[in-house]
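Student: My questions all concern the structure below.
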Amino acid sequence: MKDIIYLYDGTFEGFLTVVYSVFKRKILPKKIITNQEYHYNLFDKEEYIHTDFILSDKVFAGIKNISEHAMYNIFYAFLCDKNNKELIILDYIINLFRFKEKLIYMRNINSVLDVENMVKKVKREAHKFKGFVRFSKMENDIYYAKIEPDNDILEIVSRHFKKRLQNDLWIIEDAKRKVVSFYNKKDFVIVNKFSDIYERLIKTNKEIEYEQLWKCFFENVNIKERKNLRCQRNFMQKKYWKNILEVTK
């Protein structure tokens, strides 16, 4: 008998729909993976599970009814860039329905510890990016920023800047996942990047002047004799530098 693999669209609602299918059929899959990532294997039986918002809402409500904290963990763990995260979270959910709210204290279960570590990883990176995001003012009074985080934190970062920049129009692009968050002074929406129009936004002359002044200030306040790149990388890893104005060339 072939091992079953569930394919889905990569959304949180799509994953919860898969969870519903697992509980209904009572068959544990070998793997849960997005259809974009899957490579056909002759020895596997794959099935695409279409996202159903009614079913995903049922799963969401069932989990939340047991423990809001567990629901929070599940959502943040889903944002983590980790191999087989879907199977880890599925095991967490299965055990949640078995042990109820006690599960969060049962660190002897591998998925509980894994989910906790995934949540910490996502929260840590999201916290860093609240300070790392650099906006540039474009024409038509639009502010644009580009990020490339390890984890899928665009929604978390967007929620933060919705409060901080609530009276401005802004765009944040996650270049790694090719998705963009648009904010219209009321709310933000995240959509797939369908063209390079964001890269062709034109900076205002004042913005160019301000950027040059900021770089000049950053260079001049540094004391060359006390320069410590190792210490700097501890606070801001080098992989983030290319989208940070003061350290880009």
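The values are calculated or read from the model by the stated rules, or taken from the named source; none is laboratory data. Keep in mind that what you see is a predicted model, and the values were worked out from it rather than measured. Virtual Cβ from ideal backbone geometry, glycine too; neighbours counted across all protein chains shown.
Student: What number of residues within the stretch 160-188 satisfy the criterion of being of a type in the set (D, E, K, R) and either in a strand (DSSP E or B) or in contact (Cβ under 8 Å) with a residue 60 or more places away in the chain (or both)?
Tutor: 2
Student: Looking at ILE88, ILE5 in this structure, which one is under 20 Å from the mean Cα position of the chain (by Cα), surrounded by 13 or more Cβ atoms within 10 Å (Cβ to Cβ), within 30 Å of PRO149 (Cα to Cα) and among the aliphatic types (A, V, I, L, M)?
Tutor: Just a single option satisfies the conditions, and that option is ILE88.
Student: Of all residues in the stretch 132-181, count the ones that are over 24 Å from TYR72 (Cα atoms) and of a type in the set (D, E, K, R).
Tutor: 9
Student: Report, by residue number, each residue of the stretch 94-110 that is part of a helix (DSSP H, G or I) and either under 20 Å from the mean Cα position of the chain (by Cα) or surrounded by fewer than 15 Cβ atoms within 10 Å (Cβ to Cβ) (or both).
Tutor: The answer is PHE97, ARG98, LYS100, GLU101, LYS102, TYR105, ASN110.
Student: Still on this structure, I have one more. Return the pairs, sorted by first residue and then second, in which the second residue is outside any helix (DSSP H, G or I) and surrounded by 12 or more Cβ atoms within 10 Å (Cβ to Cβ), the first residue lies in the stretch 96-112 and is in the same structural domain as PHE60 (by TED's automatic domain parsing), the beta carbons are less than 6 Å apart, and the residues are 6+ apart or on different chains.
Tutor: Close Cβ pairs satisfying both conditions: GLU101/SER67; VAL112/MET106.
Student: Same structure, new question: Tell me which residues, restricted to the stretch 63-72, are surrounded by 15 or more Cβ atoms within 10 Å (Cβ to Cβ) and among the hydroxyl-bearing types (Ser, Thr, Tyr).
Tutor: Answer for the stretch 63-72, where residues must be surrounded by 15 or more Cβ atoms within 10 Å (Cβ to Cβ) and among the hydroxyl-bearing types (Ser, Thr, Tyr): just SER67.
Student: Still on this structure, I have one more. Could you check the stretch 69-99 and list, in sequence order, the residues that are modelled with pLDDT under 95 and closer than 21 Å to PHE23 by Cα?
Tutor: Across the stretch 69-99, the qualifying residue is only ASN84.
Here is a yes/no grid of residues against (1) modelled with pLDDT of 95 or more; (2) surrounded by 10 or more Cβ atoms within 10 Å (Cβ to Cβ); (3) among the aromatic types (Phe, Trp, Tyr); (4) closer than 11 Å to LEU7 by Cα:
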{"position": "LEU28", "(1), (2), (3), (4)": "no, yes, no, no"}
{"position": "GLN36", "(1), (2), (3), (4)": "no, no, no, yes"}
{"position": "ASN41", "(1), (2), (3), (4)": "no, yes, no, no"}
{"position": "LYS45", "(1), (2), (3), (4)": "no, yes, no, yes"}
{"position": "THR51", "(1), (2), (3), (4)": "yes, yes, no, yes"}
{"position": "ILE54", "(1), (2), (3), (4)": "yes, no, no, no"}
{"position": "LYS58", "(1), (2), (3), (4)": "yes, yes, no, no"}
{"position": "ALA61", "(1), (2), (3), (4)": "yes, yes, no, no"}
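Student: Inspect the stretch 32-42 for any residue being in contact (Cβ under 8 Å) with a residue 40 or more places away in the chain and either assigned to a strand (DSSP E or B) or in contact with a helix residue (DSSP H, G or I) (Cβ under 8 Å, 6 or more places away or on another chain) (or both) and give the result as yes or no.
Tutor: Yes, the stretch 32-42 contains a residue that is in contact (Cβ under 8 Å) with a residue 40 or more places away in the chain and either assigned to a strand (DSSP E or B) or in contact with a helix residue (DSSP H, G or I) (Cβ under 8 Å, 6 or more places away or on another chain) (or both).
Student: Just the residues that are assigned to a helix (DSSP H, G or I) and either assigned by TED's automatic domain parsing to the domain that holds LYS82 or under 22 Å from the mean Cα position of the chain (by Cα) (or both), please, taken from the stretch 135-159.
Tutor: LEU154, GLU155, ILE156, VAL157, SER158, ARG159
Student: Separate question: May I ask you to verify whether VAL59 is among the aliphatic types (A, V, I, L, M) and touching a Phe, Trp or Tyr at 6+ places or on another chain (Cβ under 7 Å)?
Tutor: Yes; evaluated as a whole, the condition is true for this residue.
Student: Is there a residue in the stretch 122-134 that is hydrophobic (A, V, I, L, M, F, W, C), part of a strand (DSSP E or B) and either touching a Pro at 6+ places or on another chain (Cβ under 7 Å) or buried (at least 16 other Cβ atoms within 10 Å of the Cβ) (or both)?
Tutor: no
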